[in-house]
Amino acid sequence: MRDHLGDGGRALGSDGDDRVAHGDRRSPGLPVAEWHGRPATVACLPDAPRGHMPEGYHFRDAMRLLFILAAGSEVRDDPGASPDGSRVFVGEKRLMAVDFLVRYPDYLAHDLLDLYETEGDADLLRDVRAIFDRDEPDVRLVRMVRWRRGAFQNIETALAILDSRRLVRCVRIRLGPDRMRHEFVVLAAGFTFLDEAVSEQPILAWYRDRAALAMRVARSRSGSDLKGAQYGHPEYGSTSYGATIPSIKDRVLRRLRAVEARGR
C-alpha cells in the first residue's frame, strides 16, 4: 500500500485509522502538491462552491472515493477494450449521489428500508438496524453542503491523488455540443491497492462494505434519478445553497422501529 501512498499512506494506514473511520477533517500534514509530486490538475468537477467548503481530509476522501468507484465500476461494453482488467464507473453526478449515501448513513438507511419493503430481504433490515446500533448517523457522518446540483464537495484534489498514483483515470467524453459525460476508469492497480489496504488495515473494510451497500441502492440508476430521490427528502430539498444538508436520523429511526414492530 505504501508504494502507492507514500507518507500519505501512513496518515491513512497507521496512526490515522481512527481519523479515517470517524471523519476527522484534520490535515495529514503534507501538502497534496508535495505528496504526489505535481499539482492537482484533474479538473473533473467544475463550478465548485470553493468559498463554502473546507479543504477536507483529502487522503480520506481519496480512499472513500476509490472504494465507491471500484464497487460501482463495470466492465466496458467491449471487454476487449480492457485487457488490463480496468473497469469504468460512469457519471460525475452518480458518483456524487453515491458518495452522499456513504457519508450520510441515515439517508442510506432510509433507502435500504425502501428496498426492504419492496424486496422483503431480511438482511436489509439487519443492515439498517446495525447502522443505528453503531450510532453511524453520528460517528460516520461526513457532512456535505447543498449546491446547484444537490449535495456537493469539491473532490478534484482527491481525484488528483488517485490519478497521480495511476489508480483511477478521469475522462470526459463529449456526447454533443453541450453535453459531456464523465467516466472514471478504475485501473487494475486500483483494485490491487484496495485489497492490500484492507489486508494491512482491516478498519478500512468498513468503506468497502459500505460502498457495496450504497451500490445496492444505486444499482444501474442514473445520477439524476438518485439525486431526484434525495431531493425528495424535505430536509434535503429545502436546504439553501451553501448550507449544510441536515441529518434525518430521528425520522428514519422512527420508521425503522415501526417496520420492526410490524414484523413481530
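The values are calculated or read from the model by the stated rules, or taken from the named source; none is laboratory data. Only a predicted model underlies this, so the values are computations on that prediction, with no experimental measurement involved. Counting neighbours? That spans all protein chains shown, and the Cβs are built from the backbone with ideal geometry, glycine included. Just so you know, the surface numbers come from the protein's heavy atoms only, side chains and all, with ligands and any DNA or RNA stripped out. Shrake-Rupley method; radii C 1.70, N 1.55, O 1.52, S 1.80 Å.
Summary table
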read-out: Residue within region 232-244 that is more than 19 Å from residue 153 (Cβ to Cβ), hydroxyl-bearing (Ser, Thr, Tyr) and at pLDDT 90 or above present; value: no
read-out: Filter result (assigned to a loop (DSSP other than H, G, I, E, B), under 19 Å from residue 127 (Cβ atoms) and open to solvent by 70 Å² or more (accessible area, probe 1.4 Å)) within region 215-255; value: 219, 221
read-out: Elements of type strands (runs of 3 or more DSSP E) contained in region 76-191, each with 2 or more residues being open to solvent by 40 Å² or more (accessible area, probe 1.4 Å); value: 87-90, 168-176, 179-186
read-out: Residue match in region 197-207 (condition: within 18 Å of residue 144 (Cβ to Cβ), of a type in the set (Ser, Thr, Tyr) and more than 14 Å from the chain's Cα centre (by Cα)); value: no
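Listed here are the residues, each with its yes/no results for (1) touching a Cys at 6+ places or on another chain (Cβ under 8 Å); (2) among the basic types (Lys, Arg); (3) over 14 Å from residue 89 (Cα atoms); (4) at pLDDT below 90.
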{"site": "168", "(1), (2), (3), (4)": "no, no, no, no"}
{"site": "186", "(1), (2), (3), (4)": "no, no, no, no"}
{"site": "189", "(1), (2), (3), (4)": "no, no, yes, no"}
{"site": "197", "(1), (2), (3), (4)": "no, no, yes, no"}
{"site": "204", "(1), (2), (3), (4)": "no, no, yes, no"}
{"site": "216", "(1), (2), (3), (4)": "no, yes, yes, no"}
